[in-house]
Each structure stands twice: as structure tokens, then as C-alpha cells.
1. So what are the ³J(HN,Hα) numbers for region 52-57, from phi and the Karplus equation (6.51, -1.76, 1.60; θ = phi - 60°), rounded to whole Hz, Gly and Pro as x?
2. Please give the helix 24-45 orientation as an angle from the longest Cα principal axis of the chain, in degrees from 0 to 90, rounded to the nearest 10.
3. Give the residue from Gly47, Leu18, Ile61 lying farthest towards the positive end of the charge dipole for the chain; charges sit on Cβ (+1 for Lys and Arg, -1 for Asp and Glu) and the dipole is referred to the Cα centre.
4. Looking at region 2-61, which chymotrypsin sites (Phe, Trp or Tyr not before Pro) are in a loop (DSSP not H, G, I, E or B) and have at most 14 other Cβ atoms within 10 Å?
5. Treating the beta-carbon of each Lys and Arg as +1 and of each Asp and Glu as -1, no other charges, what is the dipole magnitude of region 1-56 about its Cα centre, to the nearest 20 debye?
6. Looking at (1) 12.0; (2) 13.8; (3) 14.7, which value of Kirkwood radius over Cα pairs in Å comes from a calculation on the structure shown?
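No value in this document is a laboratory result; all are computed from the given coordinates. On a predicted model such as this, the values are computed, not experimentally measured, just so you know. Every residue, glycine among them, receives a Cβ derived from its backbone with ideal geometry; neighbour counts consider all protein chains shown.
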Amino acid sequence: MPDTTPIKEEARRPIDELPEDATWSDFARLVVERLRVEEGIADLDAGITWTSDEIRNKLGIPK
């Protein structure tokens with residue numbers, strides 16, 4: 001059995017790219033960003049999409 005799993009390898013890459021003076025907040029931001037990207041991809045795969053107008057309306061942003 002290999003020492004690392006794909007998720008561990010994927011997690012190490014961005015950690016290794018953090019600057020030496022990175023904080024826990026920097027690390028947490030990376031994790032949240034990754035989760036949001038994965039959620040977005042899952043939504044796209046499921047056919048869940050919104051138009052720009054729908055997003056503007058939902059957020060109350062005028063055209």
C-alpha cells in the first residue's frame with residue numbers, strides 16, 4: 001500500500017507553495033478556495049448554472 005493517497009498529494013502541493021511566513025489563516029483560505037472550486041465544478045456537472053442576470057438579481061446588483 002502506498003504511503004500517500006491522492007488527496008494527501010493534492011493537499012501537499014499548495015502547502016509547499018505557501019511562503020515560509022504563511023499563517024494558519026493563509027492555509028485555511030487555501031482549503032476554503034479549493035472546496036468552493038470543487039463545489040462549483042460539481043454544480044456544473046449537475047447542470048446547476050446561473051446567468052449573470054440571475055446572480056445580479058439574487059445579490060440586488062443593478063445592471
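1. The phi angles translate into 4, 5, 5, 5, 4, 4 Hz.
2. 50 degrees
3. My answer, from the dipole projection, is Ile61.
4. Counting only loop positions with at most 14 other Cβ atoms within 10 Å, the chymotrypsin sites (Phe, Trp or Tyr not before Pro) in region 2-61 are Trp50.
5. The calculated dipole for region 1-56 is roughly 80 debye.
6. (3)
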